[in-house]
1. Quick one: compute a quarter of the convex hull surface over the Cα atoms of the stretch 1-124 and quote it in nm².
2. Can you give me the distance in nm between label points at residue 158 and residue 579, each placed 7 Å from the Cα along the Cα-to-Cβ direction?
3. Pulled fully out, how much extra length does the chain show between residue 248 and residue 402, if you take 0.36 nm times their separation in residues and subtract their Cα-Cα distance?
4. Going by C-beta contacts inside 10 Å, put 374, 24 in order with the fewest on the left.
5. Taking N as the number of residues in the stretch 569-639, what value does Rg over Cα atoms divided by 2.2 N^0.38 Å take?
6. When you have a sec, figure out the Kirkwood radius of the stretch 226-305 from all distinct Cα pair distances and drop it here in Å to one decimal?
7. With r defined as the distance between the Cβ atoms of residue 97 and residue 338 and R0 fixed at 45 Å, what FRET efficiency is calculated, to the nearest 0.05?
8. Suppose R0 equals 41 Å. What FRET efficiency, 1/(1 + (r/R0)^6) with r the Cβ-Cβ distance, do residue 35 and residue 79 give to the nearest 0.05?
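Derivation of every value follows stated rules applied to the coordinates shown; laboratory data play no part. Note that the coordinates shown come from a computational prediction; the quantities given were computed from them, not determined experimentally. No Cβ is skipped: glycine too gets one built from the backbone with ideal geometry, and neighbour counts run over all protein chains shown.
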């Protein structure tokens, strides 16, 4: 479909990629990854024909129909949402209008005349073409896509200009999906989607009949949608087969191979240089020296680009709160006649990592604002626990900051004990590098300010963190830093995120807001989906009064524990695979232990006996630990058989 040969692209003086070859074939499902600023969006624009190459060639087949979705910037107006989507089918609508016109002409003509036969033949061709292109189903297709992307039917008649930029990008995505080009190019299509819309898009792309290439910072989305990863690294394009998880594994292997080749080459270079240096001024060795110099010049040097520094920063831990951090007792919230949710009855305990889920507009942000004390309840009672100190990260958190302050100076005020290197490291995690750290907050974009506000919050966390979409505007590396920080965090966190991987790794409980009701589920998002599909019931809610709540807590914990014993099919399969792996490892350790015991039976020396004894003790300890794990895994499998 599209072939890049010797392709090169620059951004100012910096080379993004050079001498790159890539063939995009029909039915390709490819994700583009790479560090921030490596040129992911640029290569999509090259494929779309929006930007050209600085070197090399691009060949595009004439039959290729390309559809391109940028990250942002599209604006639509003048039509309703539904009518805007229907513009995709302009050619079909033209066939439909011609069909109607031909039917009218046939009604007026003499059936026995020659003109009637011509019109009738044209009518039958148009009708067959219209049916073949599924013309009678276009309105249902539009409705299906709009519903999947989160547009309720009542909003289809609204004009596009009434929607925010994020929702306008959804409309643009809907049009592309309905258009069904045979090469779909999507630049971070999940940026403006909630979890439900992302899940729908994953399924849609899974059934997409043609090729697509996309850029995304969502690990789970990449794992479920693509079969190939193209990484922009070391000024080249590197192709990996599989999803994102497989790519990470293969990348480590490729990096190890490159490092080994580099080390071997350096050994060779050092040997040649040592020979040249030793015998340069000996006439009898002049011929050999010249030969070594030429050999050294012919070597094509392997370059190892510097790794992105992995950040290991110890975030300050907050003072502990009471066991129950927050409690809702029959809480309802409404705005005028609009009921957001009612009779919410639950409590949050110290150490919980609670993910709030639900479609856009269901009330997730409203609930987190109530927990933060920003919004009041309409009825019922919200009780903040003993010593609980909520700290709220809003989507527009940056509005609270001093716009005249430089980032690194402002960050130092909230973390006075952090060194300059530590401050730079944490800012680097959130995509602020080199001289960027000296920018004033006022010159940052909205996304950059939100990233900085998040870094600032993590430097001085409270014991009850409330985070509304903290993963927005973060790349995979920054999300990993945030995830690690929250996993090591000793306090309690409630968060809204549209990143499936992030929720799965962090959440210990899910609170769902749906159709005005609130349900609590133990476990992560995968467990929540399993229970939603009939695998289990929501977790028991707290009782209405504080006394009943305390009495009900052990029962709720017991019920949750029982529910947690039930494993979904994916986890059960993983357990069985782990059991097999342990049994293989136990057999290997038992063989090693027998060998060491046999070695001790033959005295060699005191030193050798001491060494073998130490190894034997270590293997016995490993065996004991593995047998303990095998017992736990076996019990879990038996409980779910």
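1. Over all viewing directions, the stretch 1-124 projects a mean Cα-hull area of 12.7 nm².
2. Placing both labels 7 Å beyond Cα along the Cβ direction yields 5.2 nm.
3. Full-extension gain reported as 51.5 nm.
4. So the ranking, lowest neighbour count to highest, is 374, 24.
5. Expressed relative to 2.2 N^0.38 Å, the Cα Rg reads 1.45.
6. That comes to 15.3 Å for the stretch 226-305.
7. According to the calculation, E is roughly 0.60.
8. 0.55
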